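Below: the structure, in structure tokens.
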Amino acid sequence: MTIKKTQKKKSDVKGKPVAKKKPRLKSARKNEPHKADLEKDFLRRIFSSLPSLVGYIDEDEIIRQANPRHEEAFGLSPDKIIGQTFSEIFGPQSYVALKPYFHEVLSGKPCHFETGIQGYKKFKGTFDVMLVPDADPNIDKNGFIYVIRDITREKQAGIALKLVRSELTRDVDIKTLELQETNKELTEKIKALKQAQNDLQENEDFLRGIMDNAADGIITIDETGVILSFNAIAENIFGFQATEIIGKNVKELVPEPDKSRHDKYLSDYIKTGKAKILGIGPREVMGQRKDGATFPMDLATSEMFIGGKLIFIGIVRDVSERKQTRENHEWIRNSLNNAQRIARLGSWNWNITTGELWWSEESFRIYGKEYTDTSVIYEDFIDSVHPDDREKVMNVVNESLSGAPYEIDHRVVLPSGEIRTVHARGEVTFNEDGKAIRMDGTVQDVTDRREAEIALLTAKEQAEMASRTQTEFLANISHELRTPLNAIIGFSEMMISEFLGSIDIPQYREYIKNIHSSAELLLQIINDVLDAAQAGSGTIELREEEFEVTTAIKSCSRMMAERIKSASLSFTSNIEDKLPSLRADPRLTKQILLNLISNAIKFTPAGGKIEIRAARDDQGGIRIEVADTGIGISPKDIPKAMAPFGQVDSALNRRYEGTGLGLPIVKSFVELHGGHFEITSTPGKGTIAKVIFPADRITAPC
């Protein structure tokens, strides 16, 4: 860029600049060398002030040029760096990382890439590297320019290069015209001027390469806010072409309310130096695209003087996706925290190597501590455990570090002194050497559940005690009732048989028969109640014997024959030949058969049929079925009939009074033998009661 002193432009009445008079040729010739020096000095100052590492390397990998930024990175001034090899300054690791690109750029192909480097001093991290082929005219060797920008902390390294480039180009054009006009008179200086021009062009190309390859939008404005330059990335971000936005106020890129305040921000900063936006490091602000859409962006601003003019440089980056991702993460985090709060289930992560322990918000609530987004330590957790449970907890933790599962219930003491019970689970992560490095897990407050379990267990124990008391009472009362009933039954039988003499009055004989039958019915009811009570409390003891199923069935059939005949029913039996013997309680087995036959008689109208069947089943056990053609029962009423004292309403179910204990007793006795009892029935067609004794109760065939 040509820097020259000019008189302040005069303005006409309307504020428009008055055309400047063309400088005299003699003055131009006189000032031209001085201008070249100024330009070189200006370019040298730009080269020195660039925040990136910028230099020149020849084909022998010798550093020929290096800007002052090298001293900050390597602790060596540029004059001590120049002449050293790239490997000596940047370190072997950096050399290994960048060497593959040297051949490519020396072949004439520019390279632009990002790479991670672990070099000397501060030269460590991730870098944006640009290699531009070039030749050193002083030593007649090929080489290349390197620009290495540290992007580890995402510092913006661009400057308002496009403005410099445009001004340099304009100055070069002006200089070229002036040189053409004064060519004859300045023949002796042509060589020097051409060299200056070449130097300017090289620097312009160098700066243009940086500007065009910048990863962020770069915008420059003057002190009034007018946009001076607008690079390609800025075009993509805002949707404006440079040609349509340059010359307009930068507030066109800002939404309200900052849009209306921007001019004041700018003027206040120039007057006072107090920053609102300008002069502040990277920060998130809102931008506005050409179509009016707003979006979040990172903005870093700086200022510099060029040709005595204050220029502001803005580096912008669209962070819409980053902000959306951050908001999504925040939403997920809040949802997780809410879910954990509702379930009272906290999560935790323990870095076993460092001892750091991270708790979720719910974990802090469970342990009664105030939430903080910093980590706690393992000892904080142990201190929260109830003193009587600490040893147990630490033992389980140590076992889990050796591969055992971590799952335990233990008590914790809150800062308030309240004692709560928690259920903790965890999973250990091991490294390649089998060493435990991390444990992730959950913790849940189960105090209420534990108290409910204790209350339920207490209620269960009380219910069992009440059941035992009831059983004992029923056994005692049954014994007390059986004694007089047996006497009544015995004496009534003697009177019916006229053992001590005849009864002359027929009506008395009928009364005696009623007394006898009523006493037998009452005794049967008492026996059923006692059996049901004992079965329900689990106090029945099996007195197992080996007996023939066929014999037991025939015995029960004979016992019920009179009742079957009195009910005008037909009875058949279908028993498989050579059924094996059964190891069971013979009294309870007969009680099962008698209850099923009695139930069939009770609910089968006159003229109906009852059949008893016995055979081996597919699993090797014995299946006994009692089938009738009675009134049947709806499938939905079967569970009710199987419940103690259950009675299914029907017009015929009161032919014989009963307690509703017959089927429940059968079910209890069958299950006591490890068997299975089921009923299938169809209303109006009949019922089949099926009893299955398991194969392990079968002995050798008879």
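The values are calculated or read from the model by the stated rules, or taken from the named source; none is laboratory data. All values derive from a computational prediction rather than experimental measurement. We place every Cβ from the backbone using ideal geometry, glycine too, and count neighbours over all the protein chains shown. Heads up: the accessible areas ignore ligands, DNA and RNA and are worked out on the full protein's heavy atoms, side chains in. Shrake-Rupley method; radii C 1.70, N 1.55, O 1.52, S 1.80 Å.
Could you tell me whether residue 420 is in a strand (DSSP E or B), open to solvent by 80 Å² or more (accessible area, probe 1.4 Å) and closer than 29 Å to residue 380 by Cβ? Answer is no for this residue.
Kindly indicate the residue of segment 584-606 that is among the aliphatic types (A, V, I, L, M), assigned to a helix (DSSP H, G or I) and in contact with a helix residue (DSSP H, G or I) (Cβ under 7 Å, 6 or more places away or on another chain) and also farthest from residue 691 (Cα to Cα) among those meeting that condition. The qualifying residue farthest from residue 691 (Cα to Cα) is 601. Number of residues in segment 308-322 that are under 17 Å from residue 247 (Cβ atoms) and surrounded by 13 or more Cβ atoms within 10 Å (Cβ to Cβ): the value is 3. When the helices (runs of 4 or more DSSP H) confined to segment 185-289 are screened for residues that are at pLDDT below 75, open to solvent by 20 Å² or more (accessible area, probe 1.4 Å) and more than 20 Å from residue 311 (Cα to Cα), those reaching at least 1 such residues are found at 190-212.
Taking residues in segment 447-466 that are under 30 Å from residue 368 (Cα atoms), and partners anywhere that are modelled with pLDDT of 85 or more and basic (Lys, Arg), the pairs with Cβ atoms closer than 6 Å and at least 6 places apart or on different chains are 447/420.
Counting only strands (runs of 3 or more DSSP E) that sit completely within segment 97-173, zero hold 3 or more residues that are open to solvent by less than 20 Å² (accessible area, probe 1.4 Å), under 22 Å from residue 195 (Cα atoms) and modelled with pLDDT of 75 or more.
In segment 342-358 there is at least one residue matching the filter, namely being in a helix (DSSP H, G or I), touching a strand residue (DSSP E or B) at 6+ places or on another chain (Cβ under 8 Å) and over 23 Å from residue 428 (Cβ atoms).
Of the residues screened, residue 65 is not one that is in contact with a strand residue (DSSP E or B) (Cβ under 6 Å, 6 or more places away or on another chain), modelled with pLDDT of 80 or more and part of a helix (DSSP H, G or I). Could you please give the count of residues in segment 393-417 that are within 21 Å of residue 351 (Cα to Cα) and either open to solvent by less than 40 Å² (accessible area, probe 1.4 Å) or outside any strand (DSSP E or B) (or both)? Qualifying residue count, segment 393-417: 15. For segment 64-86, the candidate set comprises residues that are closer than 18 Å to residue 51 by Cα and among the polar types (S, T, N, Q); within that set, the residue that is surrounded by the fewest Cβ atoms within 10 Å (Cβ to Cβ) is 77. Per the conditions (1) open to solvent by less than 70 Å² (accessible area, probe 1.4 Å); (2) within 15 Å of residue 347 (Cα to Cα); (3) not in a strand (DSSP E or B), the sole criterion not satisfied by residue 371 is (1).
Among the residues of segment 667-702, the ones that are open to solvent by 70 Å² or more (accessible area, probe 1.4 Å) and modelled with pLDDT of 90 or more come to 5 in all. Of all the numbered requirements in (1) modelled with pLDDT of 85 or more; (2) more than 24 Å from the chain's Cα centre (by Cα), residue 308 misses one, and that requirement is (1).
One residue is enough: does segment 302-315 have a residue meeting the conditions hydroxyl-bearing (Ser, Thr, Tyr) and under 30 Å from residue 41 (Cβ atoms)? Give the steps one after another, and end with the answer.
So the first thing to find is which residues in segment 302-315 are hydroxyl-bearing (Ser, Thr, Tyr), and the list is 302.
Filter once more, keeping what is under 30 Å from residue 41 (Cβ atoms): 302.
Within segment 302-315, one or more residues are hydroxyl-bearing (Ser, Thr, Tyr) and under 30 Å from residue 41 (Cβ atoms).
Any residue at all in segment 374-387 that's surrounded by 15 or more Cβ atoms within 10 Å (Cβ to Cβ), closer than 30 Å to residue 253 by Cβ, touching a residue at least 24 places away in the same chain (Cβ under 8 Å) and over 28 Å from the mean Cα position of the chain (by Cα)? No, segment 374-387 has no match at all. Being touching a strand residue (DSSP E or B) at 6+ places or on another chain (Cβ under 7 Å) and of a type in the set (Ser, Thr, Tyr) is the filter; apply it to segment 86-101 and report the residue that is farthest from residue 145 (Cα to Cα). Across segment 86-101, the extreme among qualifying residues is 94.
Candidates 610, 631: the one that is surrounded by 18 or more Cβ atoms within 10 Å (Cβ to Cβ), modelled with pLDDT of 85 or more and in a loop (DSSP other than H, G, I, E, B) is 631.
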